[in-house]
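K.L.:
I'd like to ask you about the structure that follows.
The values are calculated or read from the model by the stated rules, or taken from the named source; none is laboratory data. Every value quoted in this text rests on a predicted model; they were computed, and no experiment measured them. Neighbour counts are summed over all protein chains in view; Cβ atoms, including those assigned to glycine, are modelled from backbone coordinates with ideal geometry.
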Amino acid sequence: MSAIERQRDELAARLRERLIAQRRAEAAAGERPRDDLPEAVGELVASEAAILPLHEREEIVARILRDTVGLGPLEDLLSDPEVEEVMVNGPDRVYVERRGRIEETEVRFPGEPELRNAIERILAPLGRRVDELSPMVDARLADGSRVNVVIPPLAVDGPALSIRRFAPARPSPGELVRTGTLSEEMRGQLADAVGLRRSVLISGGTGSGKTTLLNALSRYISSGERVVTIEDAAELRLQQPHVVRLESRPPSVEGTAEVTIRDLLRNALRMRPDRIVIGEVRGPEALDLLTALNIGHRGVLSTVHANSADDALRRLETLALMAGVGLPHAAIREQLGRGFELVVHLERRGDGSRVVSEIAEVVRTAAGPATRPLAVDEA
């Protein structure tokens, strides 16, 4: 940062503090604050920095507004369309992910109070809060981006904030072929599978592109079907005309009013769905999903965290056991073998690229369900 930029930031910070002091004094005197905040900031800058050129005064006004009602230093990062994720590890360490690679930025918060203020401005419109009683929060912004916050004492080095962004337009299957995520042969196989109402499980690690692929494959669902989507945070953007979107709800501060994925799945079965799409299976709802697959609900699409296609089945089996209903392993494996028909595994390579490394068919063996590769990425 140059000396001129540093001086501009310092001036903006001083004027912002003066603005806040004025507002507090007005409130203490019982006066109603002015509604036209941009105009009030412009007048303050004009009176205190009249010798500066007009364009510099405008930059200072924008900086004050950004730090007062916006997200502070993060505004510049979030305005960059190439930024996929913003990761704040305390006030003086901010990272972003671009094109699958993480890099440190020069963005800094003046201190922890300013970072806390930015976090509060993010959560307040969502009706969420983070404090010592609830030091962790996971939420969704209006544009679908996911926000996760952890504050001290759980976050040792200061508040940790993560914002995973989602573009308004999701890649189509053709675009995934062009970017190398899928081969044309794989695209054809998956198009046929979804069109024929085969149940498909998409597996992979964090950030491997599972939701992106799930969203792309949903385009092969017939427009005449009634689709119910179930997610922790509503990220899917399906193109079909008849879609019902359900989203889970975390517990309140008092620990009540929680609505889980399992609750939503059980209710979805009563909604006459032609197709159920679950953003991610990560808990005991796996058992309800397997039950649904074995009582006629075909064509389910979902994702799960796993290291390989075969591990995805083991992971689903483990999650089903978390339901705690006492079913023997053999019964769960039998349902699993009759449930999902295909597993699509995604990998995130060292260069940041995301590729479908394997499409496997689920087969039943004497030892339980296993996978048989149908297509493998040789790279």
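K.L.:
Keeping to segment 298-314, report how many residues are surrounded by fewer than 20 Cβ atoms within 10 Å (Cβ to Cβ) and not in a helix (DSSP H, G or I).
P.N.:
Selection size over segment 298-314: 4.
K.L.:
Can you tell me which residue among 128, 164 is in contact with a Ser or Thr (Cβ under 9 Å, 6 or more places away or on another chain) and farther than 30 Å from residue 350 by Cβ?
P.N.:
Unique residue meeting the criteria: 128.
K.L.:
Further, regarding this structure: If I filter segment 86-124 down to residues being under 18 Å from residue 63 (Cα atoms) and among the β-branched types (Val, Ile, Thr), which single residue comes out as farthest from the chain's Cα centre (by Cα)?
P.N.:
Ranking the qualifying residues of segment 86-124, first place goes to 107.
K.L.:
Given the conditions (1) touching a strand residue (DSSP E or B) at 6+ places or on another chain (Cβ under 6 Å); (2) exposed (fewer than 15 other Cβ atoms within 10 Å of the Cβ); (3) part of a loop (DSSP other than H, G, I, E, B), which single one is not true for residue 138?
P.N.:
Result: residue 138 fails condition (3) only.
K.L.:
In this structure, does residue 205 turn out to be crowded, with 22+ Cβ neighbours inside 10 Å and modelled with pLDDT under 95?
P.N.:
no
K.L.:
Considering only segment 315-345, state which residues are on the phi < 0 side of the Ramachandran plot and assigned to a loop (DSSP other than H, G, I, E, B).
P.N.:
322, 323, 325, 327, 328, 339, 340, 341
K.L.:
Right, another one. So residue 211 passes all but one of these: (1) surrounded by 14 or more Cβ atoms within 10 Å (Cβ to Cβ); (2) out of contact with any Ser or Thr (no Cβ under 8 Å at 6 or more places or on another chain); (3) under 23 Å from residue 285 (Cβ atoms). Which condition number does it fail?
P.N.:
(2)
K.L.:
Inside segment 224-287, counting only strands (runs of 3 or more DSSP E) that do not spill past its ends, which hold 2 or more residues that are in contact (Cβ under 8 Å) with a residue 12 or more places away in the chain, surrounded by fewer than 20 Cβ atoms within 10 Å (Cβ to Cβ) and in contact with a strand residue (DSSP E or B) (Cβ under 9 Å, 6 or more places away or on another chain)?
P.N.:
The strands (runs of 3 or more DSSP E) meeting that bar are 243-247.
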